[in-house]
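Trainee: This is the structure, below, for whatever I ask next.
The values are calculated or read from the model by the stated rules, or taken from the named source; none is laboratory data. Since this is a predicted model, take the numbers as computed values, not measurements. So basically every Cβ, Gly included, is an ideal-geometry build from the backbone, and we count neighbours across all protein chains shown. What goes into the accessible areas is simple: the full protein's heavy atoms, side chains included, and nothing from ligands, DNA or RNA. Shrake-Rupley method; radii C 1.70, N 1.55, O 1.52, S 1.80 Å.
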Amino acid sequence: MNNENRNRDIKEKKNSAFKFVRRDFFKMISFAGISSLLPNSVFAKEDFRNDKNIPKKYIQNRDIPGFHIRSANPFMGVDMGNWGLSIGGMVKNPIALSYEDLFGMRMMSQVSRLKCVECWSAKAKWEGFHFSEVVEKLQPDPSAKYVYIQSADSYYESFTVEELLRPRVLFVLRMDGQPLSKDHGYPLRLIAPFKYGYKNIKYITSIKFLDTRKRNYWSNSGPYSVDGTIQPGIDHPLDYNKKPIPINGGEVFHFFDKRPPA
Ligand SMILES: Nc1nc2c(c(=O)[nH]1)N[C@H]1C(S)=C(S)[C@@H](COP(=O)(O)O)O[C@H]1N2
Ligand SMILES: [Mo]
C-alpha cells in the first residue's frame, strides 16, 4: 500500500469512528428526551472534574499536530468548475466572486488553534482576508446584524456581523503555506478561534447579510449551540452522560494537559 492510500485509509477509519460516536449519541438524546436539553441540566453547577468515572479523553484536550478532518456528511471536495462565492442579502452592492477574485483581498495571516467539541485541538498558520473588507465593499443595511453562511456540502452556519468583525477572524484561503486542502475546506473556509470547531465552516459558497438570526447545522442536528463560543473550562456539553464536562480548553488556555484548580 502506498503512503497516500494508507493515509486515506487511516482517515476513513477515523471518520467512521466519529460517525459512530455521534450516531450513538443521538440515540441517547432521543431516549433522554428534550428535557435533557434544557439549560438547567446542561449548565448544572456541579463540578464534574471530581467524577472519577469520566474517561480521561473526555476531560483532557488532545493537541493533534496535523489535525483531524471533520465532516458532518461524506464529501468529496468542491468541484471548482462550479464554484463561485456569492455575497448578498441586505446589502447595497451584492457580488459574485471567482476564486481568483478572492486574492484581490488584502491577505492577512495568523497562527491560531481550532478547537473541536470532541476534545481535540490543533494549530495552523492561516492566511486569508478580514470580514471588514467584505463589509466595506458591500455596504450592508444597518439593520442587517446577522450573517448566514452556506457551504458546498450543505453545511451552514450563523453569526452576528459583530462576531465576524472581531480580531483574528479570517476567511481563509491558505493553511500552513499551501492552498487549503480539499479536506480542510478548499477553496474557502472560516477561522474564528474563539468559536468551537463546528462554527469554522469549510467549503463556503455563499454569505448573506440578514436582519434575523438563522440557526446552524449542529444546533439543528445535535445538541450544540448556535453561539458556539468556547467556554474555557467547559466542553462536551452533552457528550458524556449528557453532562457538561469541564476541560482545559479554548484559545485562552494553552497548557492543555494541566487541569485548572478545582
Ligand atoms: N462545510 C463544513 N464545514 C465544517 C464541518 C462540516 O462538516 N462541513 N465540520 C466542522 C467541524 S465539527 C470541525 S471540528 C471543523 C474541523 O475542521 P477540519 O476538518 O479542517 O479539521 O470543521 C467544521 N467545518
Ligand atoms: Mo467538530
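Trainee: Here is a check on your reading of the model: is Phe171 among the hydrophobic types (A, V, I, L, M, F, W, C) and touching a Leu at 6+ places or on another chain (Cβ under 7 Å)? Spell out the reasoning first.
Mentor: Details: among the hydrophobic types (A, V, I, L, M, F, W, C): yes; touching a Leu at 6+ places or on another chain (Cβ under 7 Å): yes.
So Phe171 passes the test.
Trainee: I'm trying to understand the selection: among the residues of region 151-162, which are polar (S, T, N, Q), over 13 Å from the mean Cα position of the chain (by Cα) and closer than 15 Å to Tyr198 by Cβ?
Mentor: Initial filter on region 151-162 (polar (S, T, N, Q)): 151, 154, 158, 160.
If we keep only those that are over 13 Å from the mean Cα position of the chain (by Cα) as well, we get 154, 160.
Scanning region 151-162 gives a single hit, Ser154.
Trainee: Would you confirm, using the coordinates I've provided, whether Lys182 is within 24 Å of Glu100 (Cβ to Cβ), touching a residue at least 40 places away in the same chain (Cβ under 8 Å), crowded, with 20+ Cβ neighbours inside 10 Å and of a type in the set (D, E, K, R)?
Mentor: Numbers: within 24 Å of Glu100 (Cβ to Cβ): yes; touching a residue at least 40 places away in the same chain (Cβ under 8 Å): yes; crowded, with 20+ Cβ neighbours inside 10 Å: no; of a type in the set (D, E, K, R): yes.
Considered against the rule, which asks whether it is within 24 Å of Glu100 (Cβ to Cβ), touching a residue at least 40 places away in the same chain (Cβ under 8 Å), crowded, with 20+ Cβ neighbours inside 10 Å and of a type in the set (D, E, K, R), Lys182 comes out as no.
Trainee: Could I ask something else about it? Does region 194-214 include one or more residues that are among the hydroxyl-bearing types (Ser, Thr, Tyr) and modelled with pLDDT under 95? Break it down stepwise before answering.
Mentor: First pass over region 194-214, keeping only residues among the hydroxyl-bearing types (Ser, Thr, Tyr): 196, 198, 203, 205-206, 212.
Those still in the list that are modelled with pLDDT under 95 too: 196, 198.
Yes, some residue in region 194-214 is among the hydroxyl-bearing types (Ser, Thr, Tyr) and modelled with pLDDT under 95.
Trainee: Only residues in region 52-79 that are at pLDDT below 70 and away from ligand 2 (no atom under 15 Å from the Cβ) count as the first member; pair them with residues that are assigned to a loop (DSSP other than H, G, I, E, B) and β-branched (Val, Ile, Thr), Cβ under 6 angstrom, at least 6 apart or cross-chain, and list the lot.
Mentor: Taking only residues 6 or more apart or on different chains, the pairs are Ile59/Ile247.
Trainee: For the condition open to solvent by 20 Å² or more (accessible area, probe 1.4 Å) and either modelled with pLDDT under 95 or farther than 16 Å from Leu114 by Cβ (or both), what is the one hit in Asn241, Asn248? Walk me through how you get there before you give the answer.
Mentor: Working: Asn248 fails: open to solvent by 20 Å² or more (accessible area, probe 1.4 Å).
None of the other options fit; the residue is Asn241.
Trainee: Evaluate region 206-215: report whether one residue or more is within 10 Å of ligand 1 (Cβ to nearest atom) and closer than 22 Å to Pro140 by Cβ. Steps first, answer last, please.
Mentor: Taking region 206-215 as the starting set, the residues that turn out to be within 10 Å of ligand 1 (Cβ to nearest atom) are none.
Checked region 206-215: no residue is within 10 Å of ligand 1 (Cβ to nearest atom) and closer than 22 Å to Pro140 by Cβ.
Trainee: Check Leu190 against each of (1) of a type outside the set (D, E, K, R); (2) over 17 Å from Cys116 (Cα atoms); (3) in a strand (DSSP E or B) and name the one condition it does not meet.
Mentor: For Leu190, the exception is condition (2).
Trainee: Another question, if that's okay. Does region 190-199 hold any residues that are open to solvent by 10 Å² or more (accessible area, probe 1.4 Å) and more than 13 Å from ligand 2 (Cβ to nearest atom), and which are they?
Mentor: Kept after step one, since they are open to solvent by 10 Å² or more (accessible area, probe 1.4 Å), are these residues of region 190-199: 194, 196-198.
Passing the criteria: only Phe194.
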